[in-house]
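Engineer: Below you'll find the structure I mean.
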Protein chains: 2
Amino acid sequence: MVNEPPSASNGSASSRSDGSSSGSEGSKDSSRCSTPVLDAERHERLREKMRRRYDSGDKWFSLEFFPPRTANGAVNLISRFDRMGMGGPLFIDVTWHPAGDPGSDKETSSMIIANTAVNYCGLETVLHMTCCNQTKEEITGHLQKAKHLGLKNIMALRGDPIGEEWEEEVEGFNYAVDLVKHIRCEFDDYFDICVAGYPKGHPEAESYEADLRHLKEKVSAGADFIITQLFFRSKTFLTFMKDCQAIGITCPIVPGIFPIQGYHSLRQLVKLSKLEVPQEIKEVIEPIKDNDAAIRNYGVELAVSMCRELLDSGMVSGLHFYTLNREVATTEILKRLGIWKEDPRRPLPWAVSAHPKRRVEDVRPIFWASRPKSYIHRTQEWDDFPNGRWGNSSSPAFGELKDYYLFYLKSKSPREELLKMWGEELMSEESVFEVFTCYISGEPNKEGHKVTCLPWNDDPLAAETNLLKEQLEKVNRRGILTINSQPNINGKPSTDPIVGWGPSGGYVFQKAYLEFFTSSENITALLKVLKTKKYELRVNYHIVNVRGENITNAPDLQPNAVTWGIFPGREIIQPTVVDPVSFMYWKDEAFALWIEQWAKLYEEESPSRMIIQYIHDNYYLVNLVDNEFPLENCLWQVMEDTFELLNCPTEQ
Amino acid sequence: MVNEPPSASNGSASSRSDGSSSGSEGSKDSSRCSTPVLDAERHERLREKMRRRYDSGDKWFSLEFFPPRTANGAVNLISRFDRMGMGGPLFIDVTWHPAGDPGSDKETSSMIIANTAVNYCGLETVLHMTCCNQTKEEITGHLQKAKHLGLKNIMALRGDPIGEEWEEEVEGFNYAVDLVKHIRCEFDDYFDICVAGYPKGHPEAESYEADLRHLKEKVSAGADFIITQLFFRSKTFLTFMKDCQAIGITCPIVPGIFPIQGYHSLRQLVKLSKLEVPQEIKEVIEPIKDNDAAIRNYGVELAVSMCRELLDSGMVSGLHFYTLNREVATTEILKRLGIWKEDPRRPLPWAVSAHPKRRVEDVRPIFWASRPKSYIHRTQEWDDFPNGRWGNSSSPAFGELKDYYLFYLKSKSPREELLKMWGEELMSEESVFEVFTCYISGEPNKEGHKVTCLPWNDDPLAAETNLLKEQLEKVNRRGILTINSQPNINGKPSTDPIVGWGPSGGYVFQKAYLEFFTSSENITALLKVLKTKKYELRVNYHIVNVRGENITNAPDLQPNAVTWGIFPGREIIQPTVVDPVSFMYWKDEAFALWIEQWAKLYEEESPSRMIIQYIHDNYYLVNLVDNEFPLENCLWQVMEDTFELLNCPTEQ
């Protein structure tokens, strides 16, 4: 008997077909562990995802943004990515303005904003790129950079010619089709390519028909799908779509939706796009042109009814929104259309990055739970990412803590606000305890300001942490300054609204976790408690100060899985670990935040600054895991016992 | 701030020190997943394990065997390895007899027996090797072969010179020390080397003192530890040990214990070893020389008291037993000394191989649960073994089913016994159902013979399977011919005597599993049942016939973890999976066993043989997993529903 090659099942064998270079990318070095496990779509390229939606009939949307002008604008835009990402866009795209140095490393460049969206916000991202007035080398350089950053999708555009008297350059990039050809020629099938369609014909085209032929050329040259210029009537699009089909354009055509959000933005857009606003719209808008709210409300109504017509036509499954970097109108339209995902299922307990290199990643240390962007930043140079098991992490080093820019160490709040929350003037360590306590409790501090963030948590308390609120408040009051925690979970459904993640039908589990700073006096008592028989085999601890002096009882420095999930027909996923080696890297960051975010709010040599400096220099960072996940969390009792020992030291 | 390299903890950082070639061997290509996880000792070399015992004061033992003469003898010896392995020997060793072609590929050679012990029985194994009258090339060849097979330990001996008038060869191998030097010279630190010590001095040595000096030379040349020749009084050994220490021999010295098991074996041994039996022993033995039982009982008493003296001296922590390939006496001595492990903890749910290449292996398909040696055999050419997660197994192929020898497809029972159990003459498929039912129930068959094995299970029912006995009996009676099953387990302690495995303090889990052959009529009904709403998302199935026609609902052909464990301070272990790809390889073997083990018992063209052949050709092999491990196992209800449908087919 000879072994046959195992035959494909006639069940649900996936056909990850295209033999493109990108297919093997990222999985080239992959070991047996590198299986797509939880979410097949996460491993697909954009055109496959789009095809899957077209086949299933699921409606979807995408969002267009332009790069911000200032670093503060970038911070705000990224927060907007995070919030609008919650609604489940199929992709976002970032526009390209040759005058704004779009391919540079500036934190406001198109390239870097798109990089942030894909890597840090986990959004499938399309980067616009124009070719007019650029050399082949410049364009290739941009594309190579985009590829290096993990961008997989390009919107290929001509761009506006500079100067009035533009002439075709022989051998140069004169039209978008040249860019499409160039991308396919130089990068084979690596990128998914989108091109622009003009429902009314491009304003510079000889005719509507000629413009349709140009569009077909772009598709024939290798474009994967089309996004249209904005239009004001659904009929405009549907006619255009039929005309495209009639001349043999078969790729997806996504209508571009422009919600009217204000009188001036509409005027400007009309000027740029050389489109004419229909009379019936003008008639409504002109009388209310100074009432922004009224115009926005009208714009929302208009967009909703046009989108409904498009979706109802049966020819459209996806809608592309020109957001103008604003949130409210588009979100409202999407919600009213019912295509905003109200309760996005978390594929994993942490925010997944969309970089193709990270497609197999399914385990991270718990330490960066509130700072996922920092984690992604510090691991961006890794060649491969742990999956299946964290394993031995002693080899790959974390990036150094030298880039104090953008979101990595910077708070979203301005200095004045931080001072209000964290204290204009600190009197003692107890003032610091109070800040932590107020953050947990949600109560205002003595000056009446709510503490909505801490250097380690730029957002309010997570829903899960709220489960522990009462106990956390109690210990913070006593100088156990908590910065991360999770309750134990013994097999809740994966659809649980607070602790659930992954596909439905599964069960999720957690070991209780607590991480905090505290004084060396407290550490002495805590260690005595941890070494009692009651806890020594049950609780794992790592205790370290800023100098790296480290005390632990972790067996063989192995990682401890603290979150895991069991799903039907799948291997077990263990996405969060307490890894002793990574903890040493995290402690650098955790201690640095005291100084960079808090101490530096105050004058040098000021008492406030010296208090924070003292804590930084003398406190310890502690993490505790209660391994007995089926029993009641014992970590609060550990704290109680520690306080008791501190109160009656002589009894021991 | 600069990241320091993470400092070693002052906790229990392991020092896997030696920078030897062996240290990196096997983990060279290892990904981040390749962490030692459950059992640090499993990853240590013999001398480290020995050192660990000496340091901790834990008592241990080892067992010496000689190669068998016949293939049947080999099958018996391997069963003995499995049984005596249960007692937890630190290692076993296999002797080397130049006249018996010890380095050959014969199934009875020293090399192949040692290979079996290490790879298939999971025993740390020392292979003896003699050097006298051999060329450097022959010896290097043997050592290379041993290394290739995964043997890591050599007992370096001179061997008995052939012919009376032996003379030293210049540049040749004249003494064991030459072999030790050769091994270290050619294989650096790859092997752990043991040498022989003679408590009374070697019979050919000029003097006791001269022999001690020779021993020291062997240690200085690179030997790691010493096993002594047998002796009859503890004082002999203790004096020898002190004398060794006095001249600076510091490595472990293990006393060789010879339990007297019979008059003739003692006589022969004395002749070979040129030792003198003390008068007090002779006086007891001579009068009872024809009473084997009496001599053995005396031998046990004698050995127990001598071993107690040795252990009580505080100078001895390990005892080496010359078993003479017998089981009873040595086992009794060990039990009476309290160093036989009564309840060996299973490190994993399946028998671990001791091959250094497999040191990271911690996950296997469930299909080979009753045929672990076959699994090891069919995967022996793999370059690396799955750990952490089974992952995508489409690449590594299983070995072909062409080696029908020794234990791979052969039953321990002779043909006549098999016929008694499985039927001298089969009348119909129902006769086959009865055999399966009797195997499960433990009741004798119609001819009054108990069925203690099946082609797929060479041993009686596992304790765990006994939990399912009643239901299994019921379905087998109806032609659901079960060959593998496990109950669901929702978090039992890892120390559970039936389903527990791994270190204490953990929790083990299982999904219910059932694997069986059944007719195509039954399959039609079963599939209808499985596709009902009640089961379609809950139960995963794979159904295949001998031609590889395959029906499954497994998502994306992913493996399904069906056994996992959660342990303090560790990542999650998922040692057993249902892997759709491996199932296609297993089905070849499972179907082949019908023919090779059962059909071939009967004459060609006989009705009995044709019945088995019919089953082989027409039945399906099915596996079912109930993913709802916290709920009551639904697979029995699936069977009930199937039977009901078969009874009332018109109702559907």
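The values are calculated or read from the model by the stated rules, or taken from the named source; none is laboratory data. Quick caveat: nothing in here was measured; it's all calculated off a predicted structure. Every residue, glycine as well, gets a Cβ built from its backbone with ideal geometry; the counts of neighbours run over all protein chains shown. What goes into the accessible areas is simple: the full protein's heavy atoms, side chains included, and nothing from ligands, DNA or RNA. Shrake-Rupley method; radii C 1.70, N 1.55, O 1.52, S 1.80 Å.
Engineer: Which members of the range B:194-222 meet the condition of being out of contact with any Gly (no Cβ under 6 Å at 6 or more places or on another chain), closer than 28 Å to residue B:321 by Cβ and among the aliphatic types (A, V, I, L, M)?
Structural biologist: Result: B:195, B:196, B:205, B:212, B:219, B:221.
Engineer: Of all strands (runs of 3 or more DSSP E) completely enclosed by the range A:521-631, which ones contain at least 2 residues that are more than 9 Å from chain B (Cβ to nearest Cβ) and under 30 Å from the mean Cα position of the chain (by Cα)?
Structural biologist: Per the criteria, A:560-566, A:573-578, A:620-626.
Engineer: Answer yes if at least one residue in the range B:506-519 is in contact with a Pro (Cβ under 8 Å, 6 or more places away or on another chain) and facing another protein chain (nearest Cβ under 10 Å), and no otherwise.
Structural biologist: Yes, because at least one residue in the range B:506-519 is in contact with a Pro (Cβ under 8 Å, 6 or more places away or on another chain) and facing another protein chain (nearest Cβ under 10 Å).
Engineer: Have a look at B:399, B:391, B:423 and point out the one that is at pLDDT 85 or above and either within 14 Å of chain A (Cβ to nearest Cβ) or surrounded by 16 or more Cβ atoms within 10 Å (Cβ to Cβ) (or both).
Structural biologist: B:423
Engineer: So is residue A:283 open to solvent by 90 Å² or more (accessible area, probe 1.4 Å) and assigned to a loop (DSSP other than H, G, I, E, B) or not?
Structural biologist: No.
Engineer: Given the structure, is residue A:579 open to solvent by 20 Å² or more (accessible area, probe 1.4 Å) and among the charged types (D, E, K, R)?
Structural biologist: no
Engineer: OK, next. Only one residue in A:515, A:464 is open to solvent by 20 Å² or more (accessible area, probe 1.4 Å), in contact with a strand residue (DSSP E or B) (Cβ under 8 Å, 6 or more places away or on another chain) and acidic (Asp, Glu). Which one?
Structural biologist: The unique qualifying residue is A:464.
Engineer: Looking at B:85, B:122, B:150, can you tell me which residue is open to solvent by 10 Å² or more (accessible area, probe 1.4 Å), on the phi > 0 side of the Ramachandran plot and under 21 Å from the mean Cα position of the chain (by Cα)?
Structural biologist: B:122
Engineer: Something else about it: Just one of B:79, B:20 is open to solvent by less than 20 Å² (accessible area, probe 1.4 Å) and either at pLDDT 90 or above or within 20 Å of residue B:92 (Cα to Cα) (or both); which is it?
Structural biologist: B:79
Engineer: Scanning for something of a type outside the set (Gly, Ala, Ser) and crowded, with 24+ Cβ neighbours inside 10 Å, does the range A:524-531 turn up at least one residue?
Structural biologist: Within the range A:524-531 (the criterion being of a type outside the set (Gly, Ala, Ser) and crowded, with 24+ Cβ neighbours inside 10 Å), the answer is yes, since at least one residue qualifies.
Engineer: Can we say residue A:137 is touching a Gly at 6+ places or on another chain (Cβ under 9 Å) and either without any contact (Cβ under 8 Å) to a residue 24 or more places away in the chain or surrounded by 15 or more Cβ atoms within 10 Å (Cβ to Cβ) (or both)?
Structural biologist: no
Engineer: Hey, residue A:42 hits all of (1) within 26 Å of residue A:142 (Cβ to Cβ); (2) under 22 Å from the mean Cα position of the chain (by Cα); (3) basic (Lys, Arg); (4) modelled with pLDDT under 90 but one; which does it fall short on?
Structural biologist: So residue A:42 meets the others, but not (1).
Yes/no matrix, rows are residues, columns are (1) out of contact with any helix residue (DSSP H, G or I) (no Cβ under 8 Å at 6 or more places or on another chain); (2) at pLDDT 90 or above; (3) farther than 30 Å from residue A:53 by Cα:
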| position | (1), (2), (3) |
| --- | --- |
| A:284 | no, yes, yes |
| A:299 | no, yes, no |
| A:304 | no, yes, no |
| A:309 | no, yes, no |
| A:332 | no, yes, no |
| A:339 | yes, yes, no |
| A:344 | yes, no, no |
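Engineer: Pick from the range B:467-482 the residues that are at pLDDT below 95 and in a loop (DSSP other than H, G, I, E, B): which of them is farthest from residue B:436 (Cα to Cα)?
Structural biologist: Looking at the filtered set, the residue picked out is B:467.
Engineer: Search the range A:484-503 for residues that are closer than 23 Å to residue A:365 by Cβ and among the aliphatic types (A, V, I, L, M) and pair each with any residue that is open to solvent by 30 Å² or more (accessible area, probe 1.4 Å) and part of a strand (DSSP E or B) when their beta-carbon atoms are under 9 Å apart and the residues are at least 6 apart or on different chains.
Structural biologist: A:498/A:492; A:499/A:492
Engineer: When you scan the range B:632-652, how many residues do you find that are open to solvent by less than 20 Å² (accessible area, probe 1.4 Å) and assigned to a helix (DSSP H, G or I)?
Structural biologist: Adding up the residues that qualify gives 6.
Engineer: Can you tell me which residue within the range B:363-386, out of those that are in a loop (DSSP other than H, G, I, E, B) and open to solvent by 10 Å² or more (accessible area, probe 1.4 Å), is nearest to the other protein chains (Cβ to nearest Cβ)?
Structural biologist: Applying the filter and picking the extreme gives B:384.
Engineer: Turning to a different aspect of this structure: Need the failing condition index for residue A:501 against (1) within 19 Å of residue A:347 (Cβ to Cβ); (2) among the aromatic types (Phe, Trp, Tyr); (3) crowded, with 22+ Cβ neighbours inside 10 Å, just the number.
Structural biologist: Only one criterion in (1) within 19 Å of residue A:347 (Cβ to Cβ); (2) among the aromatic types (Phe, Trp, Tyr); (3) crowded, with 22+ Cβ neighbours inside 10 Å is unmet by residue A:501, namely (3).
Engineer: Tally the residues that are open to solvent by 10 Å² or more (accessible area, probe 1.4 Å), touching a Leu at 6+ places or on another chain (Cβ under 9 Å) and of a type in the set (Gly, Ala, Ser), restricting the search to the range B:235-261.
Structural biologist: 1
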